[in-house]
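I have placed the structure first, in the form of structure tokens, so that the comments after it can refer back to it.
Quick note: the coordinates plus some simple rules give every number you see, no bench work behind them. Please read these numbers as outputs of a predicted model, since none were measured by experiment. Neighbour counts run over all protein chains shown; Cβ positions are idealised from the backbone, glycine included.
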Amino acid sequence: MQQVKPAWRDGYYRAQVEAVRNLSSDMLEVILTPEKAWPSHIAGQHIALTIEVNGRLTTRVFTVVCGASFHRETKNIRLITKVNNEGALTPALSSITPNTWVNISAPKGNFTLPNTDKPVLMVAGGSRITPFIAMLEDAIENNLIHRAPVHLLYFAKPNEHVLQSELLALQKRANNFTFAVLTRQKDGDVKDYLSHFADAHWLVCGPNAMYEQVHEVAKLVRAPLDSEHFASLPTVNIESLSEKETFSLVHNGQHLSVNNQKSLLSQLQEAKQPVTYGCGMGICHQCQCVKKRGVVRDTRTGELSDSAEQLIQLCVSQAVTDLEIQL
Amino acid sequence: MLEAQLDAIKSEVKDKIGAEDAAYIRRIILIQRICEWSGRILLMLGFLQPLLWVAGVLSLAAAKILDNMEIGHNVMHGQYDWMNDSHINSKRYEWDIACDGASWNRVHNYEHHTYTNIIGKDRDFGYGLLRLSNDFRWRVKNLWQFATYILLSVMFQWGVSYHEMAAERVFFGKKKKNRKNQVTHSELKKHFFSKGARQLVKDYVLFPLLAGPLFLWVLSGNLIANLLRNLWTSTIIFCGHFTGDVETFKAEDCKNETRGQWYYRQALGSSNIKGGNLFHILTGHLSFQVEHHLFPDIPARRYREMAPKVQAVFKQHGMHYNTGSFWKQYTSVLKRIVRYSFP
Ligand code: FES
């Protein structure tokens, strides 16, 4: 089947790479043409993109950085990502050539522009400005932005603000939209700004620490809050692995706490969870399951896994971060 | 020492595994599909020219062998799980033989590969039908075990399929620690019959019916293709495990064994067959049975480059590296079967 339709895979949609462009030294823009069957997105949603990296199917989640009307008119969607040279996927993405077929998931997530008459406050951190660009683009296109003003607070490290020219262009098209480019070092915390917007509907997208600050204030002033915050992947440092640490393990909707000293298999067994297994030494693959999220360590080699969805063998895996698996 | 050396061979190869191996298995799957469909079509053209029918049988047999050996066996060992491709994955792959994939996974992948040649634990040794070493008491039925062997070969896919059920009954009541029944007996039966029936219907009802008036041509073609595949796989597997100097082990010897000792047992419990490129592919690289038992989840095509290194390590430790030509290995299997027919 894949001979006729490259990258045809059960349960995925196909998309063809239209263009790959460098926006800056480490920002990459990818334009994709999804197949017709792909259900279009709502601005702010994300997709999982799967490409083959050295024979291995590798998946990462990306925000769709364009409005639904852009997709309708051009048949294309736009993704923007920071290239992480150590990462598994983004370096490969930068060398992908136009016309290649890749796989994408249906659009997911409910971080979208709220249907409200209140003013809207957007708070973005770092490269997580992308869903807001999509929302603004669609809102302006569909004349929704006239209802109430939209203000965006955009935090990043000095000189790491991206897509500023696009923000300016959006601001020109809609006089109801304003934004402020801020750095914590110079302008202080996000908290200092929030009090001015107590009557707005808040949207936050950024690192966890920022989300927590905003969340705290939102509770105080009872501002409605929508958020999308990816607990950024903890950086794993090999020395710390020998110290006993406890992580949370989510499987089939249940929560368990596991440590990094024993194999996941033995800890699941101790917790009387229904696991199948055989050899207990990594040969038979009976104990294999899908890891949805998190990093594990192979006890045989000490190798660390990828952080994305992957098959792992429970009997030779130890937790290195919080995990989610499917038994 | 042995452990470290073999681990080093493994990790060196592991670092190289990548796009090439993914492309290889996809190519083999493509070839298998082409063989299968051209075989099925040629079978129906037999009335034009009987030679076309013969070509069809051979092509279909080749497809079935590839599916069984280089694709099914190896994929189900998890050799390609790293690809993250749910179609080429040990949990999902279902092969074109009577044996339910999951059952094979339990018996072969777990028992046979963990407890290789430990009498009483590895139920593959002799399949409970043949007496292949002095570890078993001689019984009268062993007198005609050569005939049993031939029958087993002819029916091999059914033997493999029945294996887990037969074994469960044998061990019934004697539940060993560490052997937890993951599947109930009724489920076992259900899987056995449903998978078996599907195979029978496919080869002996569905495709022959599709051929309409050529019903018998296609039916007999499928029968012969299955037979050829059974004989081939059985022969290769016997050559890999039951040549003259393969050793057996006792359960006591293997308690708390280290990884190195496990390697050692794997090494002495299996034997290789020499041959050419095509031969290796058709055996699913089980002609490198020694390497396969040492590294069951390394993509099988890599065994070729590992073999000389493994052999060198064995030599250094004064261990016997069991290899030989097909005929040498096969005669030694036959001798073993005959030898243990008698007390
Ligand atoms: S139990 Fe055999 S590989 Fe994990």
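Here are a few things to note about the model shown:
- Efficiency of FRET from Cβ geometry, A:Glu166 and A:Lys75, R₀ 22 Å, rounded to 0.05: 0.60
- Long-range Cα-Cα pairs in chain B (distance over 35 Å), rounded percent: 23
- Other protein chain Cβ atoms within 10 Å, averaged over every residue that makes up A:54-61: 5
- 5 angstrom amide H check on B:Thr323, placed H, neighbours 5+ away: B:Asn272
- Relative exposure of B:Tyr340, B:Tyr330, judged by other C-beta atoms within 10 Å (fewest first): B:Tyr330, B:Tyr340
- Length-normalised contact order of chain B in % [C-alpha pairs under 8 Å, at least 6 apart]: 24
- Considering helices alone, the calculated mean residue ellipticity of the protein assembly as shown at 222 nm is -11500 deg cm²/dmol, with DSSP H runs of length four and up weighted by -39500 (n - 2.57) and normalised per residue.
- Exposure proxy shown here: for A:Thr116, A:Thr50, A:Thr59, the number of other Cβ atoms within 10 Å sets the order, fewest to most, as A:Thr116, A:Thr59, A:Thr50.
- The simple spin-label model puts a point 7 Å past each Cα toward its Cβ; for B:Leu200 and B:Leu216 those points are separated by 2.2 nm.
- Which of B:Arg139, A:Arg147 has the fewest Cβ neighbours within 10 Å, and the rest in rising order: B:Arg139, A:Arg147
- Proximal charge balance of A:Ala68 [Cβ under 11 Å; K/R count +1, D/E count -1]: -3
- Dipole of the protein assembly as shown, positive direction: furthest Cα of A:Leu170, A:Ala124, B:Gly196, with charges on the beta-carbon: B:Gly196
- Rounded FRET efficiency, nearest 0.05, which uses the C-beta distance separating B:Arg139 from B:Ile41 and R0 of 45 Å: 0.40
- Prolate/oblate/rounded call for the stretch B:183-238, Cα gyration tensor, a/c under 1.5 rounded: oblate
- Look at the stretch A:283-292: the mean tally of other chain Cβ atoms within 10 Å of its residues' Cβ atoms is 6.
- DSSP beta bridges fully contained in chain A are about 65 percent antiparallel.
- A:Ile325 long-range amide H proximity, modeled H, under 5 Å: A:Val250, A:His251, A:Asn252, A:Lys292
- Virtual paramagnetic centre 7 Å along Cα→Cβ of A:Gln254, amide N under 13 Å, in the stretch A:269-290: A:269-276
- Cβ-Cβ FRET estimate between A:Met281 and A:Leu304, R0 fixed at 22 Å, reported to 0.05: 0.65
- Fraction of antiparallel bridges per DSSP, the protein assembly as shown only, in percent to nearest 5: 65
- For the stretch B:60-98, the residues whose backbone nitrogen is under 20 Å from a point 7 Å from the Cα of A:Ala37, taken along Cα to Cβ, are B:85-88.
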